[in-house]
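One structure is given below, encoded as structure tokens.
The values are calculated or read from the model by the stated rules, or taken from the named source; none is laboratory data. Note that the coordinates shown come from a computational prediction; the quantities given were computed from them, not determined experimentally. Backbone-built Cβ (ideal geometry, glycine too); neighbour counts: all protein chains shown.
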Amino acid sequence: MTNFTVSRRDFLKMSGATVGALVVGQMLPISLAKAAQEAGLLDENMTGHISTMCEMCVWRCGLIAKIVEGKVVKLDGNPDHPHSRGKLCPRGQSGLMNTYDPDRVLTPLIRVGKRGEGKFRPASWDEALDLVASKMQGIKEKYGPEAMVFSSTHNLSQVQFENLLNAYGSPNYGTQRSLCFNAMIVGNLMTYGMEEPARDYSDAEYIILTGRNLMEAVSTSETGDLTMAMDRGAKMVYLDPRFTKTAAKADLWLPIKPGTDLAFHLALLHVIIKEKLYDRAFVNANTVGFEQLETTVAPYTPDWAAGITELKATDIETVARDFAAAGSKALAHNGWRTSNFENSFQTARAIASLNALVGNWGTTMLPASGGHGGEGLGMPPQPPYPRASARRLDGVPWKYPLVPFKLGVFQELRDAMLTGDPYQAHGWFISRQNPVQSLPDRTRTLEAMGKMDFIVSVDIFLNDTSWFADVVLPESSYLERYDPLSQVGNRVFIRQPVIEPQGDAKSALWIYKHLGERLGLGDYFQYEDEEDFLRQQLEPTGVSLEEIRKKGYLDLAAPEHGEEPDIFHFNTASGKVELFSNVLDGAGFDGCADWEEPPMPENGRFYLLTGKVAQHTQFATQNNQLLNKYQDEPRLWINTKSAEKLLLKDFDLVRVTSDVGQINIMVNVTEAIRPDCVYMTPGFGHISKGFTTGYGVGASDSVLHVTYTDPISGGQALTQTFVTVQGI
Amino acid sequence: MSTQATPGKYGFLIDVTHCIDCRACNVACSVENNVSMDSTRIWMNGTGVVGEFPELSSSTAPFHCMHCNDPSCVSACTVGALTRDHDGIVQYDDDRCIGCRYCIYACPFQVPNMDLDEKMPLIVKCDMCGDRLQEGEQPACAATCPPGAIQFGRREDMLAKAHQLITDHPDKFIQHVYGEHENGGTSTFYVSPVPFEELGFPMTSSTSSAYLNRLVTHGTPAVFGAAAISLSGIYLTIKNVKEESAEEARIAAQTAVVQAAEGAAAETAAIEAEESTSEEA
């Protein structure tokens, strides 16, 4: 049963035309049109504005979609949403192009050729879901539920994805977190007892950004906050081996050597403690382990750090003193690093300790607000999950005792799928994720896929991972579907369809429910449809779905007991900020942030840096024609002097070789990078020919990245990959 | 012929210190105005990375139609496709455009551009998102700018704010409000930490070239047909010379504008001579 009026072929014919041409021709089928009219969102001409949420990255800005005659023609930031405040970044602005992309997969696909040939036949949902269910059931019966691996990336429907995997009974769950910020999260958990404290720039006077490239890795509200703080006169120090857009705005840019963020921060701790510049009252009242920290950082002088970081000792001293002088109005951004090494966990701990020493808790750093599940919201009833008895393939907790279950160690999971140690996985269910591009060492990932009896992928495109899948289930885009409600602080936001799904695309809520039912797990999916799921979520609030659809959000009532929670009680073993952690110490790791020597490239090899650009999100947006239009050509940055030594000119083609792979790419000869580093923007070099715009553009960093895992946090040490560069 | 140099109603204030080169303005404009994938109404100018590692600096700024008080493009347009409306917005009517490209050469800011691959290339330029203004919304670029580098409002307010900024922060800004006097005054004002030449901004005269253009386009109604024929000749010549990519065309256009500015007086004199000849005839 199809309900679309423009076929994919028609869309293809239109590709390369104007945005408008792509928008034309898609009429709202009667169901949504009627509902939208009845809700007062659209007029009789199917024209109006509908509030929903962006999904071009994970910041989740609120947006208002402008609909003209049933087509979405413009997206604007929702002024009422704390993440967008009326603004959207380039990715957010380009979002409708993802929805109207001629490369969308609009019907379930079943593979007919060899894996990787890209030959599929269209199928009905009944056929595709029956096939997936029978394969999953077969694997469960033959090898146990643990032989089925599930993986998905941070999204609003993740709660139902996790529901599916827990109900199925598999302990094997891969998220992108270990590829991104396990070190930061585990570091914060060990220090503050929370994953990521919130940052408040409104009173900030002195800000240290360790690789947090906020002017390119745009998080709309935070980027705006930083700009406003600097306008007010706040000083910003930025560490990065590259001269990024953020470096260009910094009061002081420190081109630190990769892998040595830790030495820099240990020296700051050293100066602040030695010169007694810390907030004694805060430290005494709210921290434990100051004496151990004092002893630990005693040897780490600015001169010591200067030798390691290749920065000036005087700069390090000045930053330490100025940071401490700002006291509670100082902020060391606790969410990032300039490079990712196995010592990044220690860096995260050092940054957390630095913030604690100046007593900025309650001023520039605050408890994270709200959850994703929604504490004040309801959920459909469901039975308890079966107990997953098998060990996790990613080594949590038997190999990685401190890594939270929900983070996991994705790269180790992939390796276990390849080696069969401690047991062989046989199936892989992937949703909204592209591990072929995101995991380090693409060759190994493809080999691991080769070991799978069955692979199913849910996405709106035939991405590089779907390209190797046996069944592809087409999801509706974020402008076409409901997702579970999202809570930010006391406010609940809705993602709702602003247009009818194109082709036969379906929402995640629909897909998981209908698959769950076929697997005999219907009791875990007790909702009629997407709207029913949201109504059950809204039940305790007394707000109707129609109301929140119209307004785009609702404010939950404040807790009744009226007592403000004590923000100075921390969810750690001691209830305080732990400069020294008994948990870490007990597990055989350093109790305080301490120096770990990072590996360094030798024999003319370079550090391989990767980082974000404002025009793209990871591996997901390179096919977006609007972003493609305004992106920089993806080239390998190399310092002018290094290029001269290698006899390279700007735009020369080079071969880049690491221990695990090789790519060809054009160089960008620039002063804006340390001579011992090269940089490339990740996410390019797609191998799926399902990406008409993105295929063949640039090269993939995942081909080069070597797999190294931090034993404490399970984080992938992405920058520990060293490469040679050779003209060709 | 009198000048049209009355200030417009609306204006932009673009603070170069705030621009992060994210290009949200570019994308927002393309969507809002349904711009072809091969052209743009707004783009980034910048200094590039200046200096030697590690002593580096870099600035960028979005650039679009300045909406001049006395627009050179309007005066150069022989068919009335380009007009300045009562709010001071320079409007373009593609139904009237004959593709002569005179506006491209007339504009000292190198703003009008076109997709040269098209058989009948139309001009692409900013109109301050007229539809949004009617709905009480800001132009798409200003509305979305994440760091708030593009502001939009009443022209006089924007100009006052620009002066306030450079007066209050002489350490942060050079003492020049770009757009205030350029080409006789515009509705788009920039404040910057670096000289505007370094940002790649065109350096124009403080008087508009529109007066000279009007001598040509408005002073010759009797010989319009003849002018159109000669323009077609010029068009064909240009077309032969310039079948390059849009980017190369832009660079070429920059050169052409400089030459045009230098040669404008001579050219006008020549056409005036021709005009008097035909009047005698």
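Where residues in region B:27-43 are free of Cβ contacts under 8 Å to residues at least 40 places away in the same chain and at the interface with chain A (Cβ under 7 Å from one of its Cβ atoms), which of them is surrounded by the fewest Cβ atoms within 10 Å (Cβ to Cβ)?
Our first condition is that a residue be free of Cβ contacts under 8 Å to residues at least 40 places away in the same chain; within region B:27-43, this holds for B:27, B:30, B:34, B:37, B:43.
Those still in the list that are at the interface with chain A (Cβ under 7 Å from one of its Cβ atoms) too: B:27, B:30, B:34, B:37.
Working: B:Val27: 31, B:Ser30: 27, B:Asn34: 13, B:Met37: 20.
Of everything passing the filter in region B:27-43, B:Asn34 is surrounded by the fewest Cβ atoms within 10 Å (Cβ to Cβ).
Yes/no per residue for (1) within 14 Å of chain A (Cβ to nearest Cβ); (2) surrounded by 15 or more Cβ atoms within 10 Å (Cβ to Cβ); (3) part of a helix (DSSP H, G or I); (4) among the charged types (D, E, K, R):
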| site | (1), (2), (3), (4) |
| --- | --- |
| B:Gly99 | no, yes, no, no |
| B:Cys103 | no, yes, yes, no |
| B:Leu116 | no, yes, no, no |
| B:Asp127 | no, yes, no, yes |
| B:Pro146 | yes, yes, no, no |
| B:Gln164 | yes, no, yes, no |
| B:Gln175 | no, no, no, no |
| B:Tyr190 | no, yes, no, no |
Within region A:422-430, does at least one residue satisfy the condition of being under 22 Å from A:Pro171 (Cβ atoms), modelled with pLDDT of 95 or more, part of a helix (DSSP H, G or I) and not β-branched (Val, Ile, Thr)? no
From the residues in region A:293-335 that are aliphatic (A, V, I, L, M) and closer than 17 Å to A:Gly211 by Cβ, which one is surrounded by the fewest Cβ atoms within 10 Å (Cβ to Cβ)? A:Ile308
Here are some residues: A:Thr621, A:Thr617, A:Thr693. Which one is touching a Cys at 6+ places or on another chain (Cβ under 6 Å) and outside any helix (DSSP H, G or I)? A:Thr617
Does region A:592-608 contain any residue that is touching a Leu at 6+ places or on another chain (Cβ under 8 Å) and within 14 Å of chain B (Cβ to nearest Cβ)? no
From the residues in region A:618-630 that are within 25 Å of A:Asn340 (Cα to Cα) and modelled with pLDDT of 95 or more, which one is surrounded by the fewest Cβ atoms within 10 Å (Cβ to Cβ)? A:Thr621
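Of the residues in region A:73-97, how many are crowded, with 23+ Cβ neighbours inside 10 Å and more than 10 Å from every other protein chain (Cβ to nearest Cβ)? Please lay out each step first, then the result.
Going through region A:73-97, the residues crowded, with 23+ Cβ neighbours inside 10 Å turn out to be A:74-78, A:81, A:84, A:87-97.
Subsequent filtering for residues that are more than 10 Å from every other protein chain (Cβ to nearest Cβ) retains A:78, A:81.
Selection size over region A:73-97: 2.
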State whether the residues of region A:410-420 include one that is in contact with a Leu (Cβ under 6 Å, 6 or more places away or on another chain), free of Cβ contacts under 8 Å to residues at least 40 places away in the same chain and not hydroxyl-bearing (Ser, Thr, Tyr). yes
Matching residues, region A:449-460, being buried (at least 24 other Cβ atoms within 10 Å of the Cβ) and not β-branched (Val, Ile, Thr): A:Ser457
Restricting region A:252-272 to residues that are over 28 Å from A:Glu602 (Cβ atoms) and touching a residue at least 60 places away in the same chain (Cβ under 8 Å), which is nearest to the other protein chains (Cβ to nearest Cβ)? A:Leu252
Which residue out of A:Ala593, A:Ala505 is surrounded by 20 or more Cβ atoms within 10 Å (Cβ to Cβ), in contact with a strand residue (DSSP E or B) (Cβ under 8 Å, 6 or more places away or on another chain) and either at pLDDT 95 or above or under 25 Å from A:Pro404 (Cα atoms) (or both)? A:Ala505
Please enumerate the residues belonging to region B:1-26 that are facing chain A (nearest Cβ under 7 Å) and polar (S, T, N, Q). B:Asn26
Evaluation of B:Ser57 against (1) among the hydroxyl-bearing types (Ser, Thr, Tyr); (2) in contact with a Gly (Cβ under 7 Å, 6 or more places away or on another chain); (3) more than 13 Å from chain A (Cβ to nearest Cβ) (one fails), failing number: (3)
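Looking at A:Asp76, A:Asp103, A:Asp126, which one is at negative phi, touching a Gly at 6+ places or on another chain (Cβ under 8 Å) and without any contact (Cβ under 8 Å) to a residue 24 or more places away in the chain?
Details: A:Asp103 fails: without any contact (Cβ under 8 Å) to a residue 24 or more places away in the chain; A:Asp126 fails: touching a Gly at 6+ places or on another chain (Cβ under 8 Å).
Just a single option satisfies the conditions, and that option is A:Asp76.
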Any idea how many residues of region A:621-659 are at the interface with chain B (Cβ under 9 Å from one of its Cβ atoms) and not polar (S, T, N, Q)? 5
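What residue, among those in region A:58-72 that are within 13 Å of another protein chain (Cβ to nearest Cβ) and in a strand (DSSP E or B), is farthest from A:Ser152 (Cα to Cα)?
So in region A:58-72, the residues within 13 Å of another protein chain (Cβ to nearest Cβ) come out as A:59, A:61, A:63-66, A:68, A:71-72.
With in a strand (DSSP E or B) added as a condition, the list becomes A:63-66, A:68, A:71-72.
Details: A:Leu63: 24, A:Ile64: 27, A:Ala65: 27, A:Lys66: 30, A:Val68: 34, A:Lys71: 30, A:Val72: 28 Å.
Once the filter is applied, the top-ranked residue is A:Val68.
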Tell me, please, whether a residue that is under 13 Å from the mean Cα position of the chain (by Cα) and of a type outside the set (S, T, N, Q) can be found in region B:136-147. no
Residue that is farthest from A:Ser51 (Cα to Cα) [pool: residues in region A:439-496 that are among the basic types (Lys, Arg) and over 20 Å from the mean Cα position of the chain (by Cα)]: A:Lys451
For region A:695-727, name all the residues that are at pLDDT below 95 and closer than 18 Å to A:Pro634 by Cα. A:Gly696
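If only one of B:Gly46, B:Gly8 is over 23 Å from B:Gln134 (Cβ atoms), in contact (Cβ under 8 Å) with a residue 24 or more places away in the chain and not β-branched (Val, Ile, Thr), which one is it? Let's see the steps before the verdict.
Working: B:Gly8 fails: over 23 Å from B:Gln134 (Cβ atoms).
Checking each option against the conditions leaves just B:Gly46.
Condition check ((1) modelled with pLDDT under 95; (2) assigned to a strand (DSSP E or B); (3) of a type in the set (Val, Ile, Thr); (4) over 25 Å from B:Phe196 (Cα atoms)) across all residues:
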{"residue": "B:Thr3", "(1), (2), (3), (4)": "yes, no, yes, yes"}
{"residue": "B:Phe12", "(1), (2), (3), (4)": "no, yes, no, no"}
{"residue": "B:Cys19", "(1), (2), (3), (4)": "no, no, no, no"}
{"residue": "B:Cys22", "(1), (2), (3), (4)": "no, no, no, no"}
{"residue": "B:Asn34", "(1), (2), (3), (4)": "yes, no, no, yes"}
{"residue": "B:Asn45", "(1), (2), (3), (4)": "no, yes, no, no"}
{"residue": "B:Leu56", "(1), (2), (3), (4)": "no, yes, no, no"}
{"residue": "B:Ala61", "(1), (2), (3), (4)": "no, yes, no, no"}
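Of the residues that make up region A:575-585, is at least one under 30 Å from B:Val35 (Cβ atoms) and among the hydroxyl-bearing types (Ser, Thr, Tyr)?
Looking only at region A:575-585, we keep the residues that are under 30 Å from B:Val35 (Cβ atoms), and these are none.
No, region A:575-585 has no match at all.
Yes or no: A:Asn334 away from chain B (no Cβ under 14 Å), touching a helix residue (DSSP H, G or I) at 6+ places or on another chain (Cβ under 9 Å) and without any contact (Cβ under 8 Å) to a residue 12 or more places away in the chain?
Values: away from chain B (no Cβ under 14 Å): yes; touching a helix residue (DSSP H, G or I) at 6+ places or on another chain (Cβ under 9 Å): yes; without any contact (Cβ under 8 Å) to a residue 12 or more places away in the chain: no.
No.
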In region A:226-251, how many residues are surrounded by fewer than 20 Cβ atoms within 10 Å (Cβ to Cβ) and within 11 Å of chain B (Cβ to nearest Cβ)? 3
When residues of region B:166-217 are filtered for being of a type in the set (A, V, I, L, M), under 24 Å from B:Phe152 (Cβ atoms) and touching a helix residue (DSSP H, G or I) at 6+ places or on another chain (Cβ under 6 Å), how many remain? 2
Give, as residue ranges, the strands (runs of 3 or more DSSP E) completely inside region A:101-163 that count at least 3 residues that are within 28 Å of the chain's Cα centre (by Cα). A:148-152
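Please specify each residue of region A:184-213 satisfying the condition of being of a type in the set (Phe, Trp, Tyr) and either within 16 Å of A:Ala350 (Cβ to Cβ) or assigned to a loop (DSSP other than H, G, I, E, B) (or both).
Let us first name the residues in region A:184-213 that are of a type in the set (Phe, Trp, Tyr), namely A:192, A:201, A:206.
Scanning region A:184-213 gives A:Tyr192, A:Tyr201.
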